[in-house]
Structure formats: structure tokens, C-alpha cells
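Novice: Please see the structure below; I have some questions.
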Amino acid sequence: MDINITEDKFNSLLNRREVHFNVTFEGPTPSRKDVKLKMAALLNCSPQLVIIQSLNNLYGKEEVLGYAKIYDSEDRMKEIEKEYVLKRNELPEEEPVEAAEEAAPEE
């Protein structure tokens, strides 16, 4: 998966960066979580502050057009964004490795 940023601007009124980007990939379309983590690494910010607003798959191509918002603080993000957008962009909580090993049946 390769991300190319086409437009990056700062919205001082809402204290956030607004980023338009293209994602090229091979195989299945990348998930919102994968794109979010890659964007956070690329822009050097926390994944909790990144909101992937839209991902539009181009028909017949292995390319996705997207729009993301990166907030300065989590409080400001919760003030502005609607509840369903926040829920859609939540990162799943990782299970501890020990709990996963205990749940596996022994042979």
C-alpha cells in the first residue's frame, strides 16, 4: 500500500489539518484501520487524532481516493465530529497476548 498526498492544508478555525490523498495497492482494498495507521505514521501523529472521512474506490483500478482530518487535540475532535464518525474511526482494542493464548484449546 502506497499513499500519495495530493492536498494538505491547515484549517485554523477548527484546529485541524485536512488532507486529500490517493492510495495505490495490490490485492484487496485496504481497510480503514490500515489506511489510518499508515497516514498517522506518514504524517508523524497519533492514530487517535486521525479521522478518515471518506475512502472512494475507483472502479477497475487498484486505487482509492481519500479525505482525512488530523486534529490537534482529542477534546477538539470530540467537540466537532459527530458520534457515528468517531465510532467508525475507533481503533479496536488489542487483546493481551496472554489472554489469547489461554483461549486457545490445548491438544
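The values are calculated or read from the model by the stated rules, or taken from the named source; none is laboratory data. This is a predicted model, so every value here is computed, not measured. Here Cβ is always computed from backbone atoms with ideal geometry, including for glycine, and neighbour counts include all displayed protein chains.
Novice: State which residue is farthest from Lys78 (Cα to Cα) when the search covers only region 22-54 and only residues that are in a strand (DSSP E or B) and among the hydrophobic types (A, V, I, L, M, F, W, C).
Specialist: It comes out as Val23.
Novice: Right, here's the next one. For Met77, state whether it is modelled with pLDDT under 95, touching a Cys at 6+ places or on another chain (Cβ under 9 Å) and not polar (S, T, N, Q).
Specialist: Details: modelled with pLDDT under 95: yes; touching a Cys at 6+ places or on another chain (Cβ under 9 Å): no; not polar (S, T, N, Q): yes.
No; evaluated as a whole, the condition is false for this residue.
Novice: Counting just the residues of region 38-89 that are of a type in the set (Lys, Arg) and without any contact (Cβ under 8 Å) to a residue 12 or more places away in the chain, which one comes out farthest from Arg16 (Cα to Cα)? Outline the logic, then answer.
Specialist: Of all residues in region 38-89, those of a type in the set (Lys, Arg) come to 38, 61, 69, 76, 78, 82, 87-88.
When the remaining residues are screened for being without any contact (Cβ under 8 Å) to a residue 12 or more places away in the chain, the result is 61, 78, 82, 87.
On the way: Lys61: 31, Lys78: 12, Lys82: 15, Lys87: 19 Å.
Restricting to residues being of a type in the set (Lys, Arg) and without any contact (Cβ under 8 Å) to a residue 12 or more places away in the chain, the top hit is Lys61.
Results for (1) modelled with pLDDT of 90 or more; (2) small (Gly, Ala, Ser); (3) touching a strand residue (DSSP E or B) at 6+ places or on another chain (Cβ under 6 Å), shown as yes or no for each residue.
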residue: Pro30; (1), (2), (3): yes, no, no
residue: Ala41; (1), (2), (3): yes, yes, no
residue: Leu55; (1), (2), (3): yes, no, yes
residue: Tyr71; (1), (2), (3): yes, no, yes
residue: Tyr84; (1), (2), (3): yes, no, no
residue: Leu91; (1), (2), (3): no, no, no
residue: Glu95; (1), (2), (3): no, no, no
residue: Glu101; (1), (2), (3): no, no, no
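Novice: Another question, if that's okay. From Phe10, Phe25, grab the single residue that is of a type in the set (A, V, I, L, M, F, W, C), more than 12 Å from the chain's Cα centre (by Cα) and surrounded by fewer than 14 Cβ atoms within 10 Å (Cβ to Cβ).
Specialist: Numbers: Phe25 fails: surrounded by fewer than 14 Cβ atoms within 10 Å (Cβ to Cβ).
After applying the criteria, what remains is Phe10.
Novice: Moving on to the next point. Which numbered condition in (1) surrounded by 14 or more Cβ atoms within 10 Å (Cβ to Cβ); (2) within 16 Å of the chain's Cα centre (by Cα); (3) not polar (S, T, N, Q) is the only one that Lys87 fails?
Specialist: Tallying (1) surrounded by 14 or more Cβ atoms within 10 Å (Cβ to Cβ); (2) within 16 Å of the chain's Cα centre (by Cα); (3) not polar (S, T, N, Q), Lys87 fails exactly one: (1).
Novice: Condition first: assigned to a loop (DSSP other than H, G, I, E, B) and among the hydroxyl-bearing types (Ser, Thr, Tyr). Now tell me which residues in region 55-69 satisfy that.
Specialist: Scanning region 55-69 gives a single hit, Tyr59.
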